[in-house]
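Below: one structure, written as structure tokens.
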Amino acid sequence: MTAPLAAIRNLSLRYGDNPPALRDLSFDILTGERLAIIGESGSGKSSFARALAGLVPETARLNGEIQWPGLGHAPLPGRDLGMVLQDPSTSLDPVLTIGEQVAESARAHLRLSRGKALALAENLLTRVRLPEPHRLMQAYPHQLSGGQRQRVAIAATLASRPRILIADEITSALDMVTQAEIVALLADLARDGAMTLVFITHDIALASGLCQRVAVFHEGRLVEIGPMREVLARPGDSYTATLIADHISLTGPRLIGERR
């Protein structure tokens with residue numbers, strides 16, 4: 001049996017005196033899979049992403065452990081593990097061209113020459129289906145649409161050829177057409193690159209079209225995990241059943257029994 005890429009064991013996280021953001025999580029992330037993390041705002045999805053990426057602030061209290069048997073060592077951020085966030089402006093430099101920004105990661109982690117890194121950058125812009133990639137190499141982030149900037153952020157993350165990609169709510173600020181395009185792109189990239197994808201979202205419909213397994217978070221706890229089709233067809237937890245039955249928006253807290 002193949003070892004999992006990551007093994008999360010009894011993981012808990014607390015920020016200051018606030019209630020725990022994560023509560024005793026234990027599950028595996030399988031090598032090469034596409035795993036969705038689903039839950040309402042405040043369920044702990046993004047806190048888990050930060051813990052997985054090793055980005056928890058020093059002031060937080062993190063207990064338990066994350067083992068990496070599939071890698072054999074803790075992942076190097078930016079090299080073995082890449083992360084794309086909801087707002088690409090937080091990761092894109094407004095004063096650097098798109099080409100330089102995508103090439104920068106390849107130069108830092110793959111030790112390519114500037115010329116080879118720029119060639120790889122243009123190839124990656126093509127892979128993420130941006131129009132006229134040669135022209136966009138000279139463009140700046142403010143000259144692109146939100147969906148195009150998100151594609152650039154994905155390309156920059158892929159430049160280091162990571163083993164695992166964490167996509168944290170990357171479609172939530174986009175229109176429905178662009179959301180569908182980004183999800184289709186991620187599916188293709190994960191298949192082509194034998195890359196493990198952790199897709200964090202509040203949108204069950206988007207996740208169901210992309211991911212093979214789903215983990216449902218509620219108030220920092222893992223309430224259910226399993227194959228996507230089985231969980232959607234036969235949810236084993238009442239919270240999961242409520243999410244599916246009501247087709248609710250998970251962008252904010254919801255009272256039990258409330259209809260939207």
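The values are calculated or read from the model by the stated rules, or taken from the named source; none is laboratory data. Quick caveat: nothing in here was measured; it's all calculated off a predicted structure. No Cβ is skipped: glycine too gets one built from the backbone with ideal geometry, and neighbour counts run over all protein chains shown.
Return the residue satisfying two criteria in turn: it lies in segment 20-39 and is assigned to a loop (DSSP other than H, G, I, E, B) and under 12 Å from Arg221 (Cα atoms), and of such residues it is farthest from the chain's Cα centre (by Cα).
Pro20
Buried (at least 19 other Cβ atoms within 10 Å of the Cβ), modelled with pLDDT under 95, β-branched (Val, Ile, Thr) and in contact with a helix residue (DSSP H, G or I) (Cβ under 6 Å, 6 or more places away or on another chain): is that true of Val84 in this structure?
So Val84 passes the test.
Yes or no, residue by residue, for (1) in contact (Cβ under 8 Å) with a residue 60 or more places away in the chain; (2) under 23 Å from Arg163 (Cα atoms); (3) charged (D, E, K, R):
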site	(1), (2), (3)
Met195	yes, yes, no
Phe199	yes, yes, no
Gly209	no, yes, no
Gln212	yes, yes, no
Ala215	yes, yes, no
Gly220	yes, no, no
Gly226	no, yes, no
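Can you find even one residue in segment 221-232 that is among the β-branched types (Val, Ile, Thr) and under 30 Å from Thr126 (Cα atoms)?
Looking through segment 221-232, none of the residues is among the β-branched types (Val, Ile, Thr) and under 30 Å from Thr126 (Cα atoms).
Can you find a residue that is farther than 14 Å from Glu33 by Cβ, part of a loop (DSSP other than H, G, I, E, B) and modelled with pLDDT of 85 or more anywhere in segment 220-232?
yes
Restricting segment 168-183 to residues that are in a helix (DSSP H, G or I) and touching a helix residue (DSSP H, G or I) at 6+ places or on another chain (Cβ under 9 Å), which is surrounded by the fewest Cβ atoms within 10 Å (Cβ to Cβ)?
Ranking the qualifying residues of segment 168-183, first place goes to Val177.
Results for (1) surrounded by fewer than 19 Cβ atoms within 10 Å (Cβ to Cβ); (2) among the hydrophobic types (A, V, I, L, M, F, W, C); (3) more than 21 Å from Ser12 (Cβ to Cβ), shown as yes or no for each residue.
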| residue | (1), (2), (3) |
| --- | --- |
| Phe48 | no, yes, no |
| Val56 | yes, yes, no |
| Leu71 | yes, yes, yes |
| Asp80 | yes, no, yes |
| Ser91 | yes, no, yes |
| Gln101 | no, no, yes |
| Ala117 | no, yes, yes |
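Taking the options Leu165, Leu197, Leu186, name whichever one is part of a helix (DSSP H, G or I), buried (at least 22 other Cβ atoms within 10 Å of the Cβ), under 12 Å from the mean Cα position of the chain (by Cα) and hydrophobic (A, V, I, L, M, F, W, C).
Leu186
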